[in-house]
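Report on one structure; see the data block that follows.
The values are calculated or read from the model by the stated rules, or taken from the named source; none is laboratory data. Since the structure is predicted, the reported quantities are computational estimates derived from the model, not experimental observations. Cβ atoms come from the backbone with ideal geometry, glycine included; neighbour counts cover every protein chain shown.
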Amino acid sequence: MSLVYVDSSAMIKSLVDEFESDDFEQYLENRLETGDIVVSSAIMTVELSRFGFRMSIPQPNIASVLQNVSRVAVSRPVIEIASSIHYQVKSLDAIHLGTAIYLQEDAAPNEEISAIVTYDAIMIRVGEMLGFEVVSPNT
């Protein structure tokens, strides 16, 4: 069992039909079937809710997408880690990366983050520079 960190740019693929949506859904389904745990920062709830309002997506659809995602609170350690990332990255992306680093540092040997799933170019670049495997199914 490992952790799969998913950011909002990826989870949005479950809410709207985009080029990568089917491949993302299949990737996520495969990971859940193997017993992996899908995780993200608690800020994903806000990001997806705001996206839903902008796109007129019913909130029950948002809740349905989030039901298989374990969300990690934005705690003091996460904020400290996010604040110390020495790469050009937007604030919410820094919180996502800070959460992933926090989980990785706190993980048992068999519960490490096996991948960060994102479709954001900066998150891909910085995630890789921080030593994570970063995937974008079908890109």
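Hey, Ser84 hits all of (1) polar (S, T, N, Q); (2) modelled with pLDDT of 95 or more; (3) out of contact with any strand residue (DSSP E or B) (no Cβ under 9 Å at 6 or more places or on another chain); (4) closer than 24 Å to Tyr27 by Cα but one; which does it fall short on?
(4)
Inspect the stretch 14-22 for any residue being surrounded by 13 or more Cβ atoms within 10 Å (Cβ to Cβ) and under 16 Å from Leu97 (Cα atoms) and give the result as yes or no.
So far as the stretch 14-22 goes, no, none of its residues is surrounded by 13 or more Cβ atoms within 10 Å (Cβ to Cβ) and under 16 Å from Leu97 (Cα atoms).
So which of Ser83, Ser56, Ser91, Ser49 ends up being among the small types (Gly, Ala, Ser), surrounded by 12 or more Cβ atoms within 10 Å (Cβ to Cβ) and either without any contact (Cβ under 8 Å) to a residue 24 or more places away in the chain or within 14 Å of Val4 (Cα to Cα) (or both)? Reasoning before the result, please.
Values: Ser83 fails: surrounded by 12 or more Cβ atoms within 10 Å (Cβ to Cβ); Ser56 fails: surrounded by 12 or more Cβ atoms within 10 Å (Cβ to Cβ); Ser91 fails: surrounded by 12 or more Cβ atoms within 10 Å (Cβ to Cβ).
None of the others qualify; the one that does is Ser49.
Scan the stretch 95-122 residue by residue and report those that are touching a Ser or Thr at 6+ places or on another chain (Cβ under 7 Å) and assigned to a helix (DSSP H, G or I).
Ile95, His96, Thr99, Glu111
Which of the residues spanning the stretch 32-69 are among the small types (Gly, Ala, Ser) and more than 24 Å from Asp93 (Cβ to Cβ)?
So the first thing to find is which residues in the stretch 32-69 are among the small types (Gly, Ala, Ser), and the list is 35, 40-42, 49, 52, 56, 63-64.
Result: Gly35, Ser56, Ser64.
Only helices (runs of 4 or more DSSP H) wholly contained in the stretch 1-71 count here; list those with 3 or more residues that are closer than 20 Å to Ala82 by Cβ. Steps first, answer last, please.
Numbers: elements: 8-11, 21-33, 43-55, 59-66.
Fully inside the stretch 1-71 and qualifying: 8-11, 43-55.
Quick grid of which residues meet (1) of a type in the set (Val, Ile, Thr); (2) at pLDDT below 95; (3) within 17 Å of the chain's Cα centre (by Cα); (4) under 29 Å from Pro109 (Cα atoms):
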site: Val4; (1), (2), (3), (4): yes, no, yes, yes
site: Met11; (1), (2), (3), (4): no, no, yes, yes
site: Asp17; (1), (2), (3), (4): no, yes, no, no
site: Ser41; (1), (2), (3), (4): no, no, yes, yes
site: Met44; (1), (2), (3), (4): no, no, yes, yes
site: Ser49; (1), (2), (3), (4): no, no, yes, no
site: Ile57; (1), (2), (3), (4): yes, no, no, no
